[in-house]
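The values are calculated or read from the model by the stated rules, or taken from the named source; none is laboratory data. Note that the coordinates shown come from a computational prediction; the quantities given were computed from them, not determined experimentally. Ideal geometry is used to build each Cβ from the backbone, glycine not excepted, and the neighbour counts take in all protein chains shown.
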Amino acid sequence: GTARVTIDPDFALGTVDPRLYGTFVEHMGRCVYTGIYEPEHLSADAHGFRGDVSGLVRELGTGLVRYPGGNFVSGYHWEDGVGPADERPRRLDLAWRSIETNRVGTDEFLGWARRQGVEPMMAVNLGTRGIDAARSLVEYCNVPGGTAWSDLRVRHGVREPHGVRLWCLGNEMDGPWQTGHTTAVEYGRLAAEAGKAMHQVDPSIELVACGSSNAGMPTFGEWERQVLHETYDEADYLSLHAYYEETGGDRASFLASGAHMDAYIRDVVATADHVRAVRRATKRIRLSFDEWNVWYQSRFPGERALPLEERPRLIEDTYSVTDAAVVGSLLMTLLRNADRVAIACLAQLVNVIGPIRSEPGGPSWRQTTFHPFALTARHARGTVLRTEVRGPVIDTDKHGPVPALDTVSTLDPETGALTVLAVNRDQDRALQLRAALRGFAASYRVVEHLRIADPDPDAANTEAAPDRVTPQSVRETAVAADGALEAALPPVSWNVIRLA
Ligand code: AHR
């Protein structure tokens, strides 16, 4: 079949914020220890961070990294993770029933983030702690000196303040699994008062209030409404989380996960704007989709079944070509909502459902999902253009009829570079993309067509075959002439077509 779109620079939807290409480092499994940090590794830098992993993180092009959790943060004492390393306590982490050595903490992570050139997004513990621990952490990080907590940072060898601008007010506080799980009104009151105190320390910071853990929570919708009612004055963003997996062999629904994410975003926008109307507010709350990914959650035994270990192997999912198409498509969904979604974090960065894998004392490699993320982060820059798809539709059990073509385009206003991202969700048939290039000079030509597709949609990258799946540069599959682009998209493929 053929799917048609019109791409027009006049249909500008919003600007791509580099914070949409965020990721997440939680003290969970091997994300920190033997993930980003492993002083014994041959590639380790002077700070104990793995050079090979740092290189892959740079190549991934992530602009923002959320830290330190996740469920972990809801039992975390940040004071355990600062100061002389050999005096730090070994704690029982309740979230993942693991032993936390605290070898890496706030200063180590923020130092790494600075050297990597990524913006940090910190979370405070509103599970077992509250206002006081939250405001003292902001003081420790952001006040230059002359107060007890900021002077402590200086004594720890960090002269300049970290200047952390973005802060999450807890994590998934609607979830019964969360340490300190509570009701929307109680959480909202605590988040508002913690946020107020944090703003009193540093008025320039931005705050993210917890939305629902996922759109399937029984309190979804009401949670958002009540939390925003309490926190509207202090919060700038509301969080969303979503993980997708193929269940019961229903790959068609899985490939259409973006439709679910899109509907979820619209529901949260509607709820946030409802609270805005009721409060007669002028400010609009923006969204922070600070956990999203493919996660084969059905294979996770549950935290209570875990033995008490240091850096256990937790949820180290291996991703396929199909998973890469879904991750690419979810990223396209976020871009299409860039007018309201300001922040997004692929969860997580290394080993724990990460696009990067690493072995202790061994190699690191790119999962299939690394590639659509890295190429989107590199090329989908500038202005997002609104497009409407007309063409073949796939009937799915979970999401109803969904277009076979998923697409989004961006235009870099400085260079004039046009990037067309496209996924063919059809598992059996190739799809022809026909785009009318309206308002573009007739001289636009295809610079490059890269795609991820494979005769085996379950093919994956492993330690033994780390480059089994890589983007292929294909020729003559995409042609632009006379104000039109034609491109051939194989079944279950992710594509980036660059024009200039
Ligand atoms: O990313 C893994 C976990 O998923 C996070 O700790 C939690 O916030 C979510 O439930």
**OP:** For segment 424-442, indicate whether the set of residues that are under 24 Å from Thr383 (Cα atoms) and within 26 Å of the chain's Cα centre (by Cα) is non-empty.
**Re:** yes
Original post:
Would a scan of segment 5-22 turn up a residue that is basic (Lys, Arg) and surrounded by fewer than 24 Cβ atoms within 10 Å (Cβ to Cβ)?
Top reply: yes
Subject >> Yes/no for Ala113 being touching a strand residue (DSSP E or B) at 6+ places or on another chain (Cβ under 7 Å), closer than 24 Å to Ser212 by Cβ and not in a loop (DSSP other than H, G, I, E, B) >> reply: no
Original post:
Can Ala113 be described as of a type in the set (Gly, Ala, Ser) and without any contact (Cβ under 8 Å) to a residue 60 or more places away in the chain?
Top reply: yes
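In this structure, does Asn337 turn out to be in contact with a strand residue (DSSP E or B) (Cβ under 8 Å, 6 or more places away or on another chain), assigned by TED's automatic domain parsing to the domain that holds Thr247, at pLDDT 95 or above and not charged (D, E, K, R)?
yes
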**OP:** Would you be able to tell me the number of residues in segment 267-306 that are touching a residue at least 60 places away in the same chain (Cβ under 8 Å) and more than 16 Å from Tyr237 (Cβ to Cβ)?
**Re:** 5
Original post:
Among the strands (runs of 3 or more DSSP E) confined wholly to segment 322-430, which include 2 or more residues that are touching a residue at least 24 places away in the same chain (Cβ under 8 Å) and under 19 Å from Leu485 (Cα atoms)?
Top reply: 383-385, 405-411, 418-424
Subject >> segment 389-425, residues that are farther than 12 Å from Gly1 by Cα, out of contact with any Gly (no Cβ under 9 Å at 6 or more places or on another chain), surrounded by fewer than 24 Cβ atoms within 10 Å (Cβ to Cβ) and of a type in the set (A, V, I, L, M) >> reply: Val389
Original post:
Within segment 38-63, can you find the residues that are away from the ligand (no atom under 16 Å from the Cβ) and within 20 Å of the chain's Cα centre (by Cα)?
Top reply: Val53, Ser54, Gly55, Leu56, Val57, Arg58, Glu59, Leu60, Gly61, Gly63
Original post:
How many residues are in contact (Cβ under 8 Å) with a residue 24 or more places away in the chain, out of contact with any strand residue (DSSP E or B) (no Cβ under 6 Å at 6 or more places or on another chain) and surrounded by fewer than 23 Cβ atoms within 10 Å (Cβ to Cβ) when one looks only at segment 46-57?
Top reply: 2
**OP:** Would you check which residues across segment 119-137 are crowded, with 24+ Cβ neighbours inside 10 Å and among the β-branched types (Val, Ile, Thr) and list them?
**Re:** Val124
